[in-house]
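Trainee: Structure in structure tokens, see below.
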Amino acid sequence: MEHEALLFGTWDVSEIEYADPSTERYINVTPIAHTMGRHASKQFQKSEISIVERLVNRLMQTEENTGHKQKTMKIVREAFEMVHDRTDENPVQVLVRAVENAAPREETVRLKYGGISVPQAVDVAPQRRVDQALKFIADGTQRGSYKNPKSAAEALTDVLVGAADYDVQSYAIGQKEESERVAEAAR
């Protein structure tokens, strides 16, 4: 029997299933949650980083977590435990499903015609879809725990489970729907 490396020493990432073929290439799942920034030098190498580490990095972009990677990894680890308790499935699978569900398919850009700017609907590139989904999940976590008795891990659990179940009450799904609604109006 070959010994597989496990994410946080607990979660097996070898059998993750993808529902969205367009983003599958950009959602990388590895058992390594801290690569020491070795992928930061090249433009599109962020898609080589594990989706879990990208979530951790995104969560570090708040006032109280800036630069505290170990603290943020602890929050994610706790959230994964809670996700597992709540759903009885692999939390990495829940994260992948949440990212796929929260990724907007359409958004708007501003085009200038003479002196006026006109919004125009455009399709979103797969890598940007993943980036946006992670942003929505991180923002939802921050909003759920800021000036609130709820811990960041609990807030992250709520956002992940909500997004994975495509719950429109979830912040990440709400943002995605809003983005697509604005784009539809600009068609």
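The values are calculated or read from the model by the stated rules, or taken from the named source; none is laboratory data. Just so we're clear, the structure is a prediction, and the values are computed from it rather than from any experiment. When we count neighbours, we look across all protein chains shown, and the Cβ atoms used for this are built from the backbone with ideal geometry, even at glycine. Side chains included, ligands, DNA and RNA excluded: accessible areas come from the protein's heavy atoms. Shrake-Rupley method; radii C 1.70, N 1.55, O 1.52, S 1.80 Å.
Trainee: In region 11-39, which residues are of a type outside the set (Gly, Ala, Ser), out of contact with any Asp or Glu (no Cβ under 7 Å at 6 or more places or on another chain) and open to solvent by less than 70 Å² (accessible area, probe 1.4 Å)?
Mentor: At the first step, the residues of region 11-39 found to be of a type outside the set (Gly, Ala, Ser) are 11-13, 15-18, 20-21, 23-32, 34-36, 38-39.
Okay, now just the ones that are also out of contact with any Asp or Glu (no Cβ under 7 Å at 6 or more places or on another chain), so 11, 13, 15-17, 21, 24-27, 29-32, 36, 38.
Matches in region 11-39: TRP11, VAL13, ILE16, TYR26, ILE27, VAL29, THR30, PRO31.
Trainee: Let me ask something else. Kindly indicate which of GLN132, GLN61, GLN142, GLN93 is within 15 Å of the chain's Cα centre (by Cα), modelled with pLDDT under 90 and open to solvent by 20 Å² or more (accessible area, probe 1.4 Å).
Mentor: Numbers: GLN132 fails: modelled with pLDDT under 90; GLN142 fails: modelled with pLDDT under 90; GLN93 fails: modelled with pLDDT under 90.
GLN61 is the lone residue from the list that is within 15 Å of the chain's Cα centre (by Cα), modelled with pLDDT under 90 and open to solvent by 20 Å² or more (accessible area, probe 1.4 Å).
Trainee: For region 96-113, give me the residue count where each residue is surrounded by fewer than 20 Cβ atoms within 10 Å (Cβ to Cβ) and either β-branched (Val, Ile, Thr) or over 21 Å from the mean Cα position of the chain (by Cα) (or both).
Mentor: Qualifying residue count, region 96-113: 6.
Trainee: Ok, one more. Can you tell me which condition VAL124 does not meet? The list is (1) buried (at least 18 other Cβ atoms within 10 Å of the Cβ); (2) in contact (Cβ under 8 Å) with a residue 24 or more places away in the chain, and all the others hold.
Mentor: The failed condition is (2).
Trainee: I've got another one for you. Based on this model, can you work out whether ILE116 counts as without any contact (Cβ under 8 Å) to a residue 12 or more places away in the chain and either surrounded by 13 or more Cβ atoms within 10 Å (Cβ to Cβ) or of a type outside the set (Asp, Glu) (or both)?
Mentor: On the way: without any contact (Cβ under 8 Å) to a residue 12 or more places away in the chain: yes; either surrounded by 13 or more Cβ atoms within 10 Å (Cβ to Cβ) or of a type outside the set (Asp, Glu) (or both): yes.
So ILE116 passes the test.
Residues checked against (1) in a helix (DSSP H, G or I); (2) among the small types (Gly, Ala, Ser); (3) at positive phi:
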residue	(1), (2), (3)
VAL56	yes, no, no
LYS74	yes, no, no
ARG77	yes, no, no
ASP85	yes, no, no
GLU89	no, no, no
ALA98	yes, yes, no
PRO104	no, no, no
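Trainee: For the subset of region 147-162 comprising residues that are surrounded by fewer than 18 Cβ atoms within 10 Å (Cβ to Cβ) and without any contact (Cβ under 8 Å) to a residue 60 or more places away in the chain, which member is farthest from GLU107 (Cα to Cα)?
Mentor: Only one residue fits best here, namely PRO149.
Trainee: Same structure again: Does region 40-50 contain any residue that is out of contact with any Phe, Trp or Tyr (no Cβ under 9 Å at 6 or more places or on another chain), modelled with pLDDT of 85 or more, in a loop (DSSP other than H, G, I, E, B) and surrounded by 10 or more Cβ atoms within 10 Å (Cβ to Cβ)?
Mentor: Among the residues of region 40-50, at least one is out of contact with any Phe, Trp or Tyr (no Cβ under 9 Å at 6 or more places or on another chain), modelled with pLDDT of 85 or more, in a loop (DSSP other than H, G, I, E, B) and surrounded by 10 or more Cβ atoms within 10 Å (Cβ to Cβ), which makes the answer yes.
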